[in-house]
Every structure is written in structure tokens, then in C-alpha cells.
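Take a look at the structure below.
The values are calculated or read from the model by the stated rules, or taken from the named source; none is laboratory data. Values in this document were obtained by computation on a predicted structure and should not be read as measured data. We place every Cβ from the backbone using ideal geometry, glycine too, and count neighbours over all the protein chains shown.
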Amino acid sequence: MQSTVDLAVHILARTPARTLPISHLSDLIQQEAGGAGVEHDFVVQAVRARPNLFRMLDPWRGPWRVSGRMGPKGSAFTSSQLGGVADEPWVLLLEPPTDSALDPPLRMLQESTLAAGRRVDEHSVTALARWLRMSLEVADAASSLQRRTVS
């Protein structure tokens with residue numbers, strides 16, 4: 001049986017931008033663990049305990065958090081094509097891409113997102129918002145690149 005950290009690494013390595021909202025990552029870990037009771041708080045602790053593997057970034061602090069829309073649990077939210085609610089911290093996998101079958105442009109995009117995520121100033125709301133936008137654009141571009149490779 002894989003540990004929570006191993007599952008998180010495996011899941012994030014499969015995502016185009018190598019980042020996901022923490023709640024979506026928790027849900028995917030629970031699914032891959034066969035429905036085993038993996039608590040959200042346990043996933044957060046596991047991710048925070050491994051700063052060499054993950055970085056948690058919260059792009060929705062300060063004025064960005066107030067979106068005026070309410071989610072099902074009463075929190076303000078912005079939906080994301082990467083899944084989950086975006087008014088929460090996002091987890092970035094800090095390992096470089098190792099998949100040799102990756103299309104070179106996709107590998108470059110992933111490496112760029114990783115470099116930006118490692119260097120982003122987590123105290124700058126604007127820098128974090130730009131990083132999130134970049135991650136979302138990489139996810140969009142990745143799906144286009146994958147379709148191009150398949151056709």
C-alpha cells in the first residue's frame with residue numbers, strides 16, 4: 001500500500017501543471033486509496049511535512065478571496081478546470097518532470113511552471129495570482145498539445 005505522500009506525488013505528476021487545489025488532491029488520494037478514510041487534514045499535514053517535495057501556495061488571500069459568489073458550503077469560490085474550489089491553497093509538486101514520453105513543448109511548460117512556483121513570493125498576492133493564472137493556462141495548453149500529439 002502506498003503512503004499518502006507517494007499517492008500525492010503520483011497524482012500531481014499526472015496533472016499537466018503539476019498542481020491542484022488541496023481539497024481536490026485530498027479527494028483523488030482518497031479515491032486512489034480505495035475509499036480508505038484519508039482525512040483532508042491528514043493530507044494537509046503530510047504535504048506540509050515534506051517541503052522538499054511540495055509547496056503549498058494560497059493565491060486567494062487578501063482582496064482576491066472576495067469573489068461575491070458562494071459555493072455549496074457557503075464559502076466564496078472560483079471554479080477551476082483543474083478541479084476543486086480555487087479559494088484554497090494549491091499544492092505544487094516540486095520534483096521535475098521525469099516522463100520521457102512527454103512532448104518536448106509540454107515538458108518545457110511544466111518545467112517553467114515548476115520554476116515559477118519555486119520562486120514565487122508567497123507574500124505577494126499579485127505574484128501568487130499570476131502564478132495560478134499561469135498554471136491554469138498550462139493546463140489548457142497541455143490538453144491542446146496532447147490532442148495534437150494523438151492526431
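Remarks
- Residue match in the stretch 74-85 (condition: touching a helix residue (DSSP H, G or I) at 6+ places or on another chain (Cβ under 9 Å), surrounded by fewer than 19 Cβ atoms within 10 Å (Cβ to Cβ), modelled with pLDDT of 70 or more and within 27 Å of V5 (Cα to Cα)): no
- W90 vs. criteria within 19 Å of the chain's Cα centre (by Cα), at pLDDT below 80 and among the aromatic types (F, W, Y): no
- Take the conditions (1) under 23 Å from V138 (Cβ atoms); (2) surrounded by fewer than 21 Cβ atoms within 10 Å (Cβ to Cβ); E39 misses just one of them, which is (1).
- For the stretch 20-58, filtered to residues that are part of a loop (DSSP other than H, G, I, E, B) and of a type in the set (A, V, I, L, M), the residue that is farthest from R107 (Cα to Cα) is A36.
- Pairs where the first residue, in the stretch 114-136, is over 21 Å from V9 (Cα atoms) and the second is of a type in the set (F, W, Y) and assigned to a helix (DSSP H, G or I), C-beta under 7 Å, 6+ apart: V125/W64; A129/W64
- Out of A17, A8, sole residue that is in contact with a strand residue (DSSP E or B) (Cβ under 9 Å, 6 or more places away or on another chain), at pLDDT 70 or above and assigned to a loop (DSSP other than H, G, I, E, B): A17
- Only one of the numbered conditions (1) touching a helix residue (DSSP H, G or I) at 6+ places or on another chain (Cβ under 8 Å); (2) at pLDDT 70 or above; (3) assigned to a helix (DSSP H, G or I); (4) not aliphatic (A, V, I, L, M) is violated by W64, and that is (2).
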